[in-house]
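Structure record follows, encoded as structure tokens.
The values are calculated or read from the model by the stated rules, or taken from the named source; none is laboratory data. All values derive from a computational prediction rather than experimental measurement. Glycine gets a Cβ as well: all are built from the backbone with ideal geometry, and neighbour counts include every protein chain shown. Accessible surface areas use protein heavy atoms only, side chains included; no ligands, DNA or RNA. Shrake-Rupley method; radii C 1.70, N 1.55, O 1.52, S 1.80 Å.
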Amino acid sequence: MDIFCHDTKLNLSPYYLKPGFAFGGSCLPKDLRALLYKAKTLDLSLPIMASILPSNEQQLERGVRTVIEKGRRKVGVLGFSFKAGTDDLRESPVVELTERLIGKGFDLRIYDSNVNIARIHGANRDYILNHIPHISRLMVSSIDEVLEHAETIIIGNAAQEFRDVPRRLNEHQSVIDLVRITDSRSVSGVYEGICW
């Protein structure tokens, strides 16, 4: 893959060619559903495109299973907007993962420096207040608060402030890194990624 990504004539970011956790955001899922709907109205079969959303769903389920398999109830989530540097939570896979973990009785703390209810406005604020108000009650104001609480830490987006988290763990904590925040390899039971 590294050799393939050296071809700059492709005009394609190598980021999109590396496997990882589920995708989300306010555009890609919506646009994919629109394309599939249009294809259906034209009686076209698009099997590869039609498999993308079910594949994404499997990634979410894999994330839930990975947390459950840790066997620890106290979970921290670092970064739950759909990508670092944004406060957009619409169709964030980490929000969906968080919702499922709440439903399974996990005790969560969540931190994302870009998501502050007092500063958010517009469609994103409406989404938070109308669709996930219970998540705002789990938000804390620092990485340290998450690390003090959690036995399992999920790194949900690639914010720079999370890069040193794997080095800050105590012997009873483990990390599930959904975004490959460091160049470290997975170490079973301590530092694990999904699909890398």
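Descriptive notes on the structure:
- Residues in region 63-91 that are closer than 17 Å to P29 by Cα and among the charged types (D, E, K, R) were compared, and the one that is most open to solvent (accessible area, probe 1.4 Å) is K83.
- When region 147-196 is filtered for residues that are part of a loop (DSSP other than H, G, I, E, B), touching a residue at least 40 places away in the same chain (Cβ under 8 Å) and loosely packed, with under 14 Cβ neighbours inside 10 Å, only C195 remains.
- Region 56-74 residues that are under 9 Å from A22 (Cβ atoms), paired with ones that are open to solvent by 20 Å² or more (accessible area, probe 1.4 Å) and small (G, A, S) (beta carbon under 9 Å, 6 or more apart): Q59/G20
- L60 falls short on exactly one of the conditions (1) open to solvent by less than 80 Å² (accessible area, probe 1.4 Å); (2) at pLDDT below 90, and that condition is (2).
- Any chance A34 is open to solvent by less than 30 Å² (accessible area, probe 1.4 Å) and either more than 29 Å from D183 (Cβ to Cβ) or over 15 Å from the mean Cα position of the chain (by Cα) (or both): no
- Selection count, region 35-55, where residues are of a type outside the set (V, I, T) and in a helix (DSSP H, G or I): 12
- Test: residue in region 101-110 that is among the charged types (D, E, K, R), closer than 13 Å to I153 by Cα, open to solvent by 60 Å² or more (accessible area, probe 1.4 Å) and in contact with a Gly (Cβ under 8 Å, 6 or more places away or on another chain): yes
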